Amino acid sequence: MDDIVLSGIRSTGKLHLGNYLGALKNFVAMQHEHRCYFFIADYHSLTTHPNPADLHSSVRQVLAEYLAAGLDPDRCTLYVQSDVPETVELYLLLNMNAYKGELERCTSFKDKVRQNPDNVNAGLLTYPTLMAADILIHRATKIPVGKDQEQHLEMTRTFANRFNRIYGVDYFTEPKAFAFTQKLVKIPGLDGSGKMGKSEGNAIYLTDTPEAIRKKVMKALTDSGPTQPNQPKPEYIQNLFTIMEAVSPPDTVKHFDDLYNSCQIRYGNMKKQLAEDIVALTAPMRERIDAIMADTDYLHRVAAQGAEKARASAAKTIAEVREIIGFRPM
Ligand code: TYM
């Protein structure tokens, strides 16, 4: 069987460059090659309790950003997670064989507990089972994601294999993390350490104006430059190079790398170039996002068409899973 590709992004507001380079860019490339399902993970966003108006506007925003980036709803199945309630049934069924200990050991769970000790809810603990349900409901095998999602995919494989073993079937195939062009990426933030993320406050958004992008990039942490040729780069400098590798042509990266290695680099020039390359990448998307957001009829049509296609595939899986588990007509 041909590979089935699936991935999603949480609807917690607008998308940043890490979401685009780690995930969305690959979605766009993959829609031409495989049967693809891309969705907006709005159930997942409930762990942080958004109010109804924010929940709705975030889903609209991410849908518009998917379309502006180049996802074609006639080529791939583009849907909103909560339009496919079959996912929730599979989530419940998988939860019966997902254990507290393994869920508690999940790195992203431990991070969230540390960040928000007053909101350790069951949805957060079982986040990986909902993610597994998203994937297994379409029996997807190739999952384009950034590096931070590797552990969640490992858990999906565990749940899929466990289901097969418990029921003595060979029903679910192991899904694998996938990057279309190169290896899985982790785009760092502009604050010197860690990954780019919305809650980290270190992100460049696809909707940022060119002026805002220039300002953010120029503020990135640097120093007075290397004093020895071929010196290893400190993390905050390596981060600028990592972002540049993802957005600029290879000869631009090489140019600044050579200047670094010969101690001639001027970080102001490098940051100016980096900002312009980010602007060149995001500006056309930003214009399309604004236009698509204004077209409610179009967004409605896309979501309705996606829901219908996704539910057809999900209903088939859930009927088969029910039969395997033993939910049968009297
Ligand atoms: P989320 O919403 O945190 O991120 C969406 C995608 O963006 C990638 N990403 C990054 N990649 C590289 N560098 C970064 N700094 C960076 N920040 C984010 C993430 O790796 C991800 O691919 N649990 C998922 C959403 C989800 C999902 C799924 C994904 C729900 N169900 C099923 C795949 C399959 C999440 O929270 O991603």
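Bear in mind these aren't lab numbers, they're just calculated from the coordinates by the rules spelled out. Only a predicted model underlies this, so the values are computations on that prediction, with no experimental measurement involved. Positions of Cβ are generated from backbone atoms using ideal geometry, with glycine treated the same way; all protein chains shown enter the neighbour counts.
Spacing of the modelled spin labels on Tyr99 and Lys316, each 7 Å from Cα toward Cβ, amounts to 3.4 nm. For the residue pairs Lys147/Lys183; Lys25/Lys219; Lys198/Lys254, the alpha carbons lie more than 18 Å apart in Lys25/Lys219; Lys198/Lys254. Distant-in-sequence amide contacts of Ile4, defined by a placed amide H-H separation under 5 Å and a gap of 5 or more residues or a different chain, comprise Thr141, Lys142.
Annotation: extensible slack from Val120 through Glu211 equals 28.9 nm (criterion: 0.36 nm per residue apart, minus Cα-Cα distance). P(r) tail for region 210-290: Cα pairs beyond 19 Å make up 36% of the total.
Per residue, the average separation of C-alpha pairs within less than 8 Å and at least 6 apart gives region 74-196 a relative contact order of 23 percent. Multiplying the residue separation of Val113 and Ile325 by 0.36 nm and subtracting their alpha-carbon distance yields 73.0 nm. Under the convention that each Lys and Arg Cβ holds +1 and each Asp and Glu Cβ holds -1, the size of the dipole of region 172-217 around its Cα centre is about 100 debye. Here the residues Cys263, Cys76, Cys106, ranked from fewest to most Cβ neighbours within 10 Å of their Cβ, fall in the order Cys263, Cys106, Cys76. Using a simple spin-label model with pseudo-atoms 7 Å out from Cα toward Cβ, Gln305 and Ala29 lie 2.5 nm apart. Over the C-alpha atoms of the chain, the Rg to Rh ratio, Rh being the Kirkwood estimate, stands at 1.00. Ellipsoid fit via the Cα gyration tensor, region 1-125: semi-axes of 26, 19, 14 Å, each the root of five times an eigenvalue, largest first. Taking packing as the residue-averaged number of other Cβ atoms within 10 angstrom, the listed peptides 88-97, 20-29 run from highest to lowest as 20-29, 88-97. For a straight C-alpha distance cut-off of 17 angstrom, the aspartates and glutamates reachable from Lys216 (same-chain residues fewer than eight places away being disregarded) are Asp191, Glu200, Asp208, Glu276, Asp277. Ordering of 295-306, 56-67 by packing is 56-67, 295-306, highest average first (other Cβ atoms within 10 Å, averaged per residue). Only one residue of Pro85, Leu17, Phe39 has its Cα farthest out toward the positive end of the dipole of region 1-128, where Lys and Arg carry +1 and Asp and Glu -1 on Cβ, and that residue is Leu17. Measuring spread by the Cα atoms of region 194-330 yields a radius of gyration and Dmax of 23.5, 79 Å. The alpha carbon centroids of region 99-124 and region 245-321 are separated by 29 Å. Dividing the convex hull volume of the alpha carbon atoms of region 125-236 by its residue count gives 167 Å³ per residue. Here the chain is treated with +1 on each Lys and Arg Cβ and -1 on each Asp and Glu Cβ, and its dipole about the Cα centre works out to around 460 debye. Taking label points 7 Å from Cα along the Cα-to-Cβ direction, Tyr298 and Ser199 give a separation of 3.3 nm.
The value of relative contact order for the chain, using C-alpha pairs under 8 Å at least six residues apart, is 23 percent.
Placing unit charges on the Cβ atoms only, positive for Lys and Arg and negative for Asp and Glu, gives region 210-290 a dipole magnitude near 260 debye about its Cα centre. Each helix, a run of at least 4 DSSP H residues, gives -39500 (n - 2.57); summed and divided by the residues of the chain, these come to -16500 deg cm²/dmol at 222 nm.
When region 210-290 is described by a simple charge dipole with +1 on each Lys and Arg Cβ and -1 on each Asp and Glu Cβ, the residue from Phe241, Thr222, His255 located farthest towards its positive end is Thr222. The mean of 1/r over all pairs of different alpha-carbon atoms in region 15-74, once inverted, gives a Kirkwood hydrodynamic radius of 12.5 Å.
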